[in-house]
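*Asks:* Once you've had a glance at the structure underneath, I'll fire off some questions.
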Amino acid sequence: MASLRRALRGMAATCPRRSPALGRGLRPLVSGAGPTSEKSVPYQRTLKEAQDASAAARGPSQPLPGTASVVVIGGGSLGCQTLYHLAKLGVSGAVLLERERLTSGTTWHTAGLLWQLRPSDVEVELLAHTRQVVSRELEEETGLHTGWIQNGGLFIASSRQRLDEYKRLMSLGKVYGIESHVLSPGETKALYPLMNVEDLYGTLYVPHDGTMDPAGTCTSLARAATARGAQVIENCPVTGIHVRTDDFGVRRVAAVETEHGSIQTPCVVNCAGVWAHAVGRMAGVKVPLVAMRHAYVVTERIEGIQNMPNVRDHDASVYLRLQGDALSVGGYETNPIFWEEVSDDFAFGLFDLDWDVFTQHIEGAINRVPVLEKTGIKSTVCGPESFTPDHKPLMGEAPELRGFFLGCGFNSAAECLLLTPPGVHRRFHRSLTDHSRWIRERSHEAYAKNYSVVFPHDEPLAGRNMRTGPLHEVLPYDFCGAYGHRGHEDHAYGRLLGQEYSFSFPPHHDVIKKECLACRGAAAVFDMSYFGKFFLVGPDAGKAADWLFSADVSRPPGSTVYTCMLNHRGGTESDLTVSRLAPGPEASPLAPAFEGDGYYLAVSGAAAQHNWSHIRTVLQDRKFRCQLIDSSEDLGLVSVQGPASRAILQEVLEADLSDDAFPFSTHKLVRAAGHLVRAVRLSFVGELGWELHAPRPSCLPVYQALMTVGAKHGLVNAGYRAIDSLSIEKGFRHWHADLRADDSPLEAGLAFTCKLKSSVPFLGREALEKQRAEGLRRRLVGFTLDEKVPMFGLEAIWRNGQVVGHVRRADFGFTIDKTLAYGYIRDPSGGPVSLDFVKSGDYTLERMGVTYTAHAHLKSPFDPDNKRVKGVY
Ligand SMILES: Cc1cc2nc3c(=O)[nH]c(=O)nc-3n(C[C@H](O)[C@H](O)[C@H](O)COP(=O)(O)OP(=O)(O)OC[C@H]3O[C@@H](n4cnc5c(N)ncnc54)[C@H](O)[C@@H]3O)c2cc1C
């Protein structure tokens with residue numbers, strides 16, 4: 001039997017693309033290239049083996065119902081979890097259709113590792129829920145043991161930076177009651193005697209991590225779901241999705257077609273794993289994921305390995321999973337192999353392992369557990385898995401088709417159940433969701449970086465320049481070799497980004513400081529062309545605006561209002577500005593011709609698709625007769641902010657910019673350097689300033705005129721990192737950070753955006769009223785620190801010696817010269833969080849295990865009376 005070391009040595013000697021093991025004693029389990037039939041996997045039993053002979057015969061395992069409330073497509077980990085949760089939520093008549101047998105896709109051969117700590121509060125919550133279901137609830141419900149093994153998890157740090165990352169996780173874990181310990185190399189050796197700790201900086205030990213068994217978990221999920229009235233039908237491939245167009249022209253799911261008949265249903269959940277793209281295509285829905293081969297090898301018996309925790313050696317990009325008295329060794333390669341064919345008849349199958357690709361893990365594995373050098377390989381497990389452009393799953397209703405939901409793209413993190421807020425798949429702009437090169441490049445980068453340290457300011461390098469703004473070519477950035485540089489020879493952007501890889505203040509701290517102070521002291525120009533820019537017009541636009549927006553936007557034409565959009569739970573789907581338009585018969589890029597009411601909406605760029613999908617869904621549900629027009633690509637947006645902005649703009653705009661003629665929160669069509677633009681007096685940084693929304697071809701000449709005039713006023717270019725710092729200093733919220741779909745505007749201190757004093761109904765109003773009547777169970781609080789210490793979010797918030805929350809967003813404020821942090825706090829007793837409760841506490845913020853004294857603020861410490869936005873300096 002070949003050992004891991006022999007496999008590695010063999011690599012150097014053998015020709016590419018050939019297993020070093022072949023001809024050297026390691027018995028190939030199946031020979032031949034491409035997908036193979038099933039192989040032995042390291043489990044006692046797969047669901048296939050558990051089938052009796054009659055069930056194995058072709059044909060659906062049960063007769064198909066004529067109708068179903070929901071049809072879940074795919075019986076892997078995600079399909080079973082979805083069906084179980086639907087049943088538990090009380091949804092009756094849900095049906096799961098599996099092409100082959102349960103688990104036959106990717107799930108049957110998963111490694112099943114469950115690590116509770118991740119650098120994301122949402123993921124930590126999901127994982128805690130999964131662990132609860134798998135380790136306790138399912139067994140209580142069904143009497144079946146899911147196969148859960150709580151052997152613990154150990155993260156390896158080979159550098160101080162890596163250990164810092166773990167310490168961040170440890171602090172976050174305290175918020176969710178997840179026990180974890182930072183261990184020294186000596187303590188690690190005592191816990192895991194077979195481990196080499198010579199090159200260790202330290203480790204993070206999480207005793208309640210463990211290992212899931214795919215077959216056991218899916219059997220229990222299916223059993224629990226069917227006991228609650230759901231149906232599981234195997235051997236029943238879905239071959240088509242029927243779509244109907246309703247009286248308002250909206251496309252909706254109508255039925256699912258199979259080889260054995262069809263089922264009428266208004267709702268489908270696509271849990272088809274690597275086949276999700278093909279299932280999406282049946283319905284005209286773009287599913288941005290790619291299939292790749294992902295692998296581990298299983299060793300022979302290792303004396304002394306029993307009961308050891310699972311190990312993640314991030315720096316070596318390797319994991320070691322306890323497999324009885326052996327280990328499974330797997331990892332993330334820099335050069336994964338894409339599975340191009342995604343064949344339909346692949347079931348309980350595996351690929352032959354490509355040792356050229358896998359070998360990079362062996363050195364790291366042997367270094368960590370040296371006994372592996374002399375340990376044989378019992379089997380290889382290389383199967384298909386789906387990966388997405390940002391390594392996060394695709395969940396929620398697809399933007400293109402009502403009733404078509406996604407539950408796929410789990411990037412080897414199938415432990416996350418379907419509990420995230422709705423709409424998280426809407427993070428990709430629709431121009432990119434079927435751009436195969438972009439999906440592929442981004443997914444590849446995300447896969448290769450899966451074990452990299454997660455730095456707060458990291459950016460992907462792949463897939464750049466797919467969408468560019470009107471000022472793209474004149475701004476001095478270099479996205480990996482654009483602008484006269486030959487592609488990928490000059491990596492200036494990558495180099496600059498590399499300097500940001502730090503949990504301290506990075507070198508760019510001073511660059512951002514200059515931009516921020518220039519904005520506060522003179523003026524800064526921001527290119528915000530990536531903002532989403534929509535028009536909402538038509539006979540019912542007024543009614544739609546009343547219902548959609550939490551604030552009263554029914555003001556006279558020329559007014560602009562900052563508002564939120566909520567969901568029915570009162571959660572904040574978006575914050576945006578809405579400008580009321582005067583009707584006009586002539587269409588232009590700055591306003592369409594319309595009858596009835598008209599509004600111009602400006603939303604943050606990263607959330608543009610999310611906003612678009614949310615508004616369209618609400619318009620369809622309420623059957624409002626109005627149009628939503630997307631002008632994001634036709635219009636650019638340049639914003640000038642700061643005390644000198646009026647003097648600069650007065651020379652460029654043909655308009656009176658005095659407070660009387662152009663007050664705060666208003667907008668006008670005006671000429672700028674001869675070009676017609678929409679000037680909006682607003683500020684996202686807390687200064688006197690105007691946004692200029694201009695047709696794309698006008699943006700560059702307008703920007704150049706501003707820079708020419710601005711030179712004598714100290715006008716500087718400033719970027720998004722400056723916006724982040726300036727806006728947190730002013731106490732403005734950032735949607736997706738300190739404001740999300742699971743936060744209500746009352747909790748977020750945005751009650752002023754809610755027309756609760758009026759009697760006008762709006763989406764989310766009932767939930768807000770209930771929340772107000774019952775008292776807020778959590779509240780967003782701002783903190784400043786005396787000590788100049790960098791914070792980025794995820795730090796634990798302590799009040800009077802108890803953890804009460806964690807930081808959602810943090811940054812440095814250069815004018816107040818302090819670190820600022822915002823987070824939601826709860827009362828540990830479970831009661832409402834009153835203002836007195838906030839004010840009366842003594843606070844510290846815990847960063848990497850160290851606590852710092854913090855001061856709570858209910859109003860922004862910078863310009864609390866909002867004088868500057870009104871031009872009062
Ligand atoms: C080697 C390896 C190791 C892994 N290790 C881990 C780990 O340690 N931890 C972790 O959390 N995750 C891990 N994963 C990932 C995890 O296994 C997957 O994310 C998960 O199993 C995917 O589940 P799924 O339900 O999305 O897909 P699948 O299990 O592939 O299920 C999709 C199902 O849809 C069915 N289907 C497809 N088309 C149709 C159709 N037209 N009609 C009806 N049914 C259809 C398929 O037959 C299949 O059963 C690993 C993956 C691999 C490959």
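*Asks:* With the requirement that a residue be farther than 15 Å from Gly403 by Cβ and touching a strand residue (DSSP E or B) at 6+ places or on another chain (Cβ under 6 Å), what does the stretch 82-96 give you?
*Replies:* Leu83, Leu96
*Asks:* Inspect all residues belonging to the stretch 253-264 and state whether any of them is under 13 Å from Val95 (Cα atoms), open to solvent by 10 Å² or more (accessible area, probe 1.4 Å), more than 14 Å from the ligand (Cβ to nearest atom) and modelled with pLDDT of 95 or more.
*Replies:* Yes: the stretch 253-264 contains one or more residues that are under 13 Å from Val95 (Cα atoms), open to solvent by 10 Å² or more (accessible area, probe 1.4 Å), more than 14 Å from the ligand (Cβ to nearest atom) and modelled with pLDDT of 95 or more.
*Asks:* If you check every pair at least six apart or on different chains, which have Cβ atoms under 8 Å apart with a residue in the stretch 852-873 that is under 29 Å from Asp659 (Cα atoms) first and a residue that is open to solvent by 50 Å² or more (accessible area, probe 1.4 Å) and part of a strand (DSSP E or B) second?
*Replies:* Matching pairs, first to second residue: Pro861/Lys818.
*Asks:* Next question, about the same structure. Report the residue count in the stretch 127-157 for those that are touching a residue at least 12 places away in the same chain (Cβ under 8 Å) and open to solvent by 10 Å² or more (accessible area, probe 1.4 Å).
*Replies:* 14
*Asks:* Counting only residues that are open to solvent by 10 Å² or more (accessible area, probe 1.4 Å), touching a strand residue (DSSP E or B) at 6+ places or on another chain (Cβ under 6 Å) and of a type outside the set (S, T, N, Q), which one in the stretch 377-394 is nearest to the ligand (Cβ to nearest atom)?
*Replies:* For the stretch 377-394, the residue satisfying everything is Glu385.
*Asks:* Considering only residues of the stretch 796-819 that are out of contact with any helix residue (DSSP H, G or I) (no Cβ under 7 Å at 6 or more places or on another chain), touching a residue at least 40 places away in the same chain (Cβ under 8 Å) and part of a strand (DSSP E or B), which is nearest to His457 (Cα to Cα)?
*Replies:* Checking each candidate, the answer is Ala810.
*Asks:* Which ranges mark the strands (runs of 3 or more DSSP E) fully within the stretch 221-316 that have 2 or more residues being small (Gly, Ala, Ser)?
*Replies:* Here the list reads 251-258, 261-264, 290-299.
*Asks:* Could you tell me whether Arg160 is in contact with a strand residue (DSSP E or B) (Cβ under 9 Å, 6 or more places away or on another chain) and open to solvent by less than 40 Å² (accessible area, probe 1.4 Å)?
*Replies:* Judged against the criteria, Arg160 is not a match.
*Asks:* So, one more: What is the residue count in the stretch 664-682 for residues that are outside any strand (DSSP E or B), touching a strand residue (DSSP E or B) at 6+ places or on another chain (Cβ under 7 Å) and open to solvent by 20 Å² or more (accessible area, probe 1.4 Å)?
*Replies:* Summing the residues that are outside any strand (DSSP E or B), touching a strand residue (DSSP E or B) at 6+ places or on another chain (Cβ under 7 Å) and open to solvent by 20 Å² or more (accessible area, probe 1.4 Å) in the stretch 664-682 gives 2.
*Asks:* Against the condition part of a strand (DSSP E or B), of a type in the set (Phe, Trp, Tyr) and farther than 26 Å from Ala541 by Cβ, how does Phe732 come out, does it pass?
*Replies:* no
*Asks:* In contact with a Lys or Arg (Cβ under 7 Å, 6 or more places away or on another chain) and crowded, with 20+ Cβ neighbours inside 10 Å: which single residue out of Ala602, Ala607, Ala545 fits that description?
*Replies:* Ala602
*Asks:* Which condition does Tyr166 not pass, out of (1) within 14 Å of the ligand (Cβ to nearest atom); (2) crowded, with 23+ Cβ neighbours inside 10 Å, if it passes all the others?
*Replies:* Against the list (1) within 14 Å of the ligand (Cβ to nearest atom); (2) crowded, with 23+ Cβ neighbours inside 10 Å, Tyr166 comes up short only on (1).
*Asks:* How about the stretch 119-132: which of its residues are touching a Phe, Trp or Tyr at 6+ places or on another chain (Cβ under 9 Å) and either within 8 Å of the ligand (Cβ to nearest atom) or of a type in the set (Asp, Glu) (or both)?
*Replies:* Asp121, Glu125
*Asks:* Inside the stretch 71-118, can you point out the residues that are of a type outside the set (Val, Ile, Thr), part of a loop (DSSP other than H, G, I, E, B) and more than 11 Å from the ligand (Cβ to nearest atom)?
*Replies:* Leu89, Gly90, Ser92, Gly93, Gln116, Leu117, Arg118 - these are the residues of the stretch 71-118 that are of a type outside the set (Val, Ile, Thr), part of a loop (DSSP other than H, G, I, E, B) and more than 11 Å from the ligand (Cβ to nearest atom).
The values are calculated or read from the model by the stated rules, or taken from the named source; none is laboratory data. All values derive from a computational prediction rather than experimental measurement. All Cβ positions, glycine included, derive from the backbone under ideal geometry; neighbour counts span all protein chains shown. Note: accessible area is taken over every heavy atom of the protein model, side chains too, but ligands, DNA and RNA are not part of it. Shrake-Rupley method; radii C 1.70, N 1.55, O 1.52, S 1.80 Å.
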